[in-house]
Each structure stands twice: as C-alpha cells, then as structure tokens.
Amino acid sequence: MKEETFKSNYSMSSIHRVIQVLRAFSIEHPKLSLTEISKRTEISLSSLQRIVSTLAYEGFLVKDEKTKQYSLGLELMFLGQLVTQNDALLSRAIPIMEELNDQTKENVSLNIIEHDERRCIYNLPSRHELSALTFVGHTSPLYAGASAKILLAYQDNTFIQNFINMIELKRITDSTVDSKESLLEQLSVIRNQGYAMTKGERVKGAMSISVPIFAKGNLLLGTLSVTFPVIRQEEYDIEELICLLKDAAKRIMN
C-alpha cells in the first residue's frame with residue numbers, strides 16, 4: 001500500500017504521535033524530559049503533556065519525580081515478552097543462538113528486514129571485555145554490514161533493482177561501499193557462497209559474519225550473525241565459524 005493512500009484512508013495522527021513519543025527513547029537516551037521529547041518529536045508541549053500523562057497512567061512511561069524525566073515503563077517489557085513467546089522465529093532461534101553464543105563467546109544477533117532497513121530483533125552479548133556491540137531495535141541501511149547485505153541479497157530481482165535505483169549510498173565508515181555496481185557484485189557473491197562477511201562497514205574495528213534463515217519454500221525470514229572485533233579474527237577458523245552459523249540457521253527452521 002502506498003504511503004499517501006495509507007495516510008489519507010487509514011492513518012490516525014494521534015496514534016502516530018504516541019508512537020513518535022515511544023520511539024524518542026533509545027539506548028543512548030533512556031531518560032528524557034518533556035522538553036527533550038518535544039524537540040525529538042516536534043510535538044508541541046501542550047499536546048505532548050496529554051500524550052505523556054496518558055502513557056504514564058497506562059504504564060508505558062515512568063516519571064522520575066525528582067528529575068522530571070521520563071523513561072519507558074514495564075508495560076512495554078511485558079508486551080515484549082508476549083512477542084518473544086508467541087513469535088515462531090524467536091522461539092525457535094533463541095535456544096540455538098544461546099548455544100552459538102556459548103560456542104563462540106561472541107555477540108550473536110537475529111535480524112530481519114523492516115521498512116527497507118535491517119533491524120536487530122534479538123541479541124546475545126559477547127562474553128569478552130572487548131566486544132562489538134549490537135542492540136535490539138538497532139537499524140542500519142541494507143548496503144552496510146553482513147546481516148544487512150544478506151537481507152538485500154536474497155530479495156527478488158525487482159526489489160533489489162528498485163532499492164539500487166532509489167538509494168543514495170552514504171559512507172558510514174571508510175569501508176562502506178560507495179558504488180552501486182560494486183554493491184550488485186557483492187550481492188551476487190553473497191548469494192553464490194551463502195554467507196556474508198564484512199569488516200568495519202558500519203563500525204570501525206568490528207567484523208561480522210552472517211547467514212540467511214529460510215522457511216520452507218526458500219522464504220527468507222531473517223539473518224543469523226556473529227560480530228566481534230577484527231583484532232580477534234586470528235583466534236578463529238573462519239571456515240569453521242561459517243559452518244557453525246549455517247548449521248545453526250538450518251536448525252532454527254527444521
């Protein structure tokens with residue numbers, strides 16, 4: 001459905017504002033004042049006061065009376081737990097991801113494609129002091145990073161071509177691809193080898209290996225990734241690590 005059709009026939013501006021408020025919070029900004037929320041959402045203070053008060057009453061926000069700052073409430077955690085319990089992909093993936101995390105001691109993440117971006121929906125952190133961090137909810141463009149490129153590589157040709165035509169490649173680091181021709185070549189290689197491995201494309205000094213997760217009928221559900229600092233690369237047999245990832249991905253949907 002086209003965005004303009006949705007907005008004219010189905011959209012409710014009040015609900016959009018509520019979602020904007022909840023999305024104003026992040027790992028970097030877990031606590032925000034009313035003024036800070038207003039700046040991030042561009043919602044007037046008068047309208048924002050009613051929205052925030054209602055969200056706090058329903059348990060979706062919590063107000064610190066001393067600092068007058070708000071943070072996300074436990075009600076969201078309870079709803080998130082329901083999603084985890086009821087989502088087939090997560091329920092199958094989590095125990096296998098835990099095994100992979102035990103085996104590698106590295107950051108293991110599950111990613112999906114959402115609104116033409118990569119989004120992390122589950123993550124197990126590294127056991128090492130020096131680690132490459134990934135956060136649940138974090139998004140990135142489909143041309144940067146192993147998990148993102150897997151998600152793009154296994155889309156149909158029409159999707160890929162439309163994406164290539166509309167995207168403006170912006171360098172996140174010096175290693176981010178900046179040529180559409182190079183990106184297409186990389187996607188072809190990824191499909192042929194069945195995995196993606198990147199170094200420093202989104203975060204300098206971090207490398208990632210990612211494989212696709214398929215349902216029956218070769219429907220792409222998401223990606224399974226291991227991420228770690230480049231300086232630890234020599235500690236691993238990369239081919240063995242790729243095999244571990246591929247085996248885990250197959251087990252998730254078998």
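Test Glu106 against the stated conditions and say whether it is under 30 Å from Ser188 (Cβ atoms) and of a type in the set (Asp, Glu). Step through it out loud before you land on a result.
On the way: under 30 Å from Ser188 (Cβ atoms): yes; of a type in the set (Asp, Glu): yes.
The answer is yes for Glu106.
Just checking, which of Ser208, Ser147 is open to solvent by less than 80 Å² (accessible area, probe 1.4 Å) and assigned to a strand (DSSP E or B)?
Details: Ser147 fails: assigned to a strand (DSSP E or B).
Just a single option satisfies the conditions, and that option is Ser208.
Conditions (1) closer than 30 Å to Val203 by Cβ; (2) in contact (Cβ under 8 Å) with a residue 40 or more places away in the chain; (3) surrounded by 14 or more Cβ atoms within 10 Å (Cβ to Cβ); (4) not hydrophobic (A, V, I, L, M, F, W, C), marked per residue:
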site	(1), (2), (3), (4)
Ser44	no, no, no, yes
Leu48	no, no, yes, no
Asp64	no, no, no, yes
Leu74	no, no, no, no
Phe78	no, no, no, no
Leu90	yes, no, yes, no
Glu106	yes, yes, yes, yes
Ile121	yes, yes, yes, no
Leu130	yes, yes, no, no
(Q) Checking the structure you have, find out if any residue of region 133-148 is closer than 20 Å to Met97 by Cα and more than 13 Å from the chain's Cα centre (by Cα). (A) no
Q. Applying the selection to region 132-144, what residues are surrounded by fewer than 21 Cβ atoms within 10 Å (Cβ to Cβ) and either among the aliphatic types (A, V, I, L, M) or touching a strand residue (DSSP E or B) at 6+ places or on another chain (Cβ under 6 Å) (or both)?
A. Leu133, Val136, His138, Thr139, Ser140
(Q) Consider region 213-230. How many of its residues are touching a residue at least 60 places away in the same chain (Cβ under 8 Å) and farther than 21 Å from Asp156 by Cα? (A) 5
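The values are calculated or read from the model by the stated rules, or taken from the named source; none is laboratory data. Predicted model only: the values in this text are computed from it and were never measured. Because the Cβ atoms are built from the backbone with ideal geometry, glycine has one as well, and the counts that use them run over all protein chains shown. The accessibility values were calculated without ligands, DNA or RNA, using every heavy atom of the protein model including side chains. Shrake-Rupley method; radii C 1.70, N 1.55, O 1.52, S 1.80 Å.
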